[in-house]
1. Which pairs do you get when a residue that is open to solvent by 60 Å² or more (accessible area, probe 1.4 Å), found in the stretch 289-308, comes within reach of a residue that is part of a loop (DSSP other than H, G, I, E, B) and of a type outside the set (Gly, Ala, Ser), reach meaning Cβ atoms under 8 angstrom, with the pair 6+ apart or on two chains?
2. Looking at the stretch 180-196, is at least one residue crowded, with 19+ Cβ neighbours inside 10 Å and within 15 Å of ligand 1 (Cβ to nearest atom)?
3. Specify which of the listed residues (95, 110) is at pLDDT 90 or above, in a helix (DSSP H, G or I) and either surrounded by fewer than 20 Cβ atoms within 10 Å (Cβ to Cβ) or away from ligand 1 (no atom under 16 Å from the Cβ) (or both).
4. Is there a residue in the stretch 199-215 that is farther than 14 Å from residue 155 by Cβ and either within 14 Å of ligand 1 (Cβ to nearest atom) or assigned to a helix (DSSP H, G or I) (or both)?
5. State all residues of the stretch 74-92 that are free of Cβ contacts under 8 Å to residues at least 40 places away in the same chain and surrounded by fewer than 16 Cβ atoms within 10 Å (Cβ to Cβ); if no residue qualifies, say none.
6. So which pairs qualify, if the first residue must be in the stretch 157-177 and closer than 25 Å to residue 217 by Cβ, the second must be more than 16 Å from ligand 1 (Cβ to nearest atom) and in a helix (DSSP H, G or I), the Cβ gap must be under 9 Å, and the two must be at least 6 apart or on different chains?
7. Can you go through 235, 305, 222, 242 and tell me which one is basic (Lys, Arg) and away from ligand 2 (no atom under 15 Å from the Cβ)?
8. Suppose the filter is away from ligand 2 (no atom under 16 Å from the Cβ) and in a loop (DSSP other than H, G, I, E, B); does residue 261 pass it?
Amino acid sequence: MGLENNVELTVGLDLLRQPVLPLVNMVEYLYLTGPFKKIDEVLNRVTKPVELEGVQFENPRQMLKPYKAVLQEFEVVKGEKKLAANLPFIVDEKQKPLARRQALELWVKQQILAQELEKINSILCGPCGCVLCCTGPNSEFDSFSGFKGKMKQEFFEIPLEDSEVDIFALPRIDTVDSGKLTAQSNPPLQLDKMPFYKHGMALYHWQNGWSLILPEGSICPKLLADTKRCMVYEKRPEVCRKPQMFSYVLEKTSDTAKRSDGELIPVYMARNKVLAVWDCPYVRRYQDEIGAYVEMSGMEPVFKKSKK
Ligand code: SF4
Ligand code: SF4
């Protein structure tokens, strides 16, 4: 890629060399074992350089600042805060419910790792010149990702929130039939006696919500062909912000559980992993750095192919 001296890449790699989770573990330990009521009291004390997991952190307080709101969820343990309404029910890999403190710890780590990985992904993606996430299978831009050969998929799906549908001025398919199926249903939705993905790019309203369908050879209409940059970068759909390295501390299952107030809440399974998608050129190029980052974070790295 000839990117050795790229400034963005250097910043991204520096972030990989300094994962925040060792600092999070330290703050959690100090908070739970010390006389502190508020997380802020701990953060105000971690002002000096510290070495953890073989990494020197020059300014722990500064590094932890973006994660303060999530760290404050620990205050539940000391009765300083109510349990977050969005805290899911968490089970281990044998389906056994986790104790509340352990569940809270994993929930905090999941959110912090997801936030950190989103930032690292955004920094590493740009300089690669790859647009794999913005095109259908076998598009003319595939060479930028380093892909060789032909992808098997007929289409790629970009799931959208209701509020994101208006970003795209594309035909909308919102019929009784589409509402009974999903993009992955087999047999697929038929339009004019053909599978939907044999038609052009369009927005579909499925049983599980809206999505943008990128059929074979297509390119997202928001991708600028000459610069290969997203025209709506600041307001791009949530799923376009998701990294190619996923925080997999917890995995959402299809189960729900009844909370003490009768509310049905999602069930997550503890995994303690980070998933890195092998299709992505920077994942391939920096697999050693990514592996080290994941291990320093106390997780297990899993490299996986996605699109081919
Ligand atoms: S909206 Fe932007 S980031 Fe998302 S697929 Fe289209 S060009 Fe890519
Ligand atoms: S595959 Fe990786 S480098 Fe390519 S567009 Fe997606 S995130 Fe960026």
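The values are calculated or read from the model by the stated rules, or taken from the named source; none is laboratory data. This one's a predicted model, so the numbers in the text were calculated from it and none came from an experiment. Every residue, glycine as well, gets a Cβ built from its backbone with ideal geometry; the counts of neighbours run over all protein chains shown. Note: accessible area is taken over every heavy atom of the protein model, side chains too, but ligands, DNA and RNA are not part of it. Shrake-Rupley method; radii C 1.70, N 1.55, O 1.52, S 1.80 Å.
1. Listed pairs, sorted by first residue: 303/278; 304/278; 305/278; 305/279; 308/147; 308/151; 308/152; 308/279.
2. no
3. 110
4. yes
5. 79, 81, 82, 83, 84, 85, 86
6. If the second residue must be more than 16 Å from ligand 1 (Cβ to nearest atom) and in a helix (DSSP H, G or I), the pairs left are 173/196.
7. 235
8. yes
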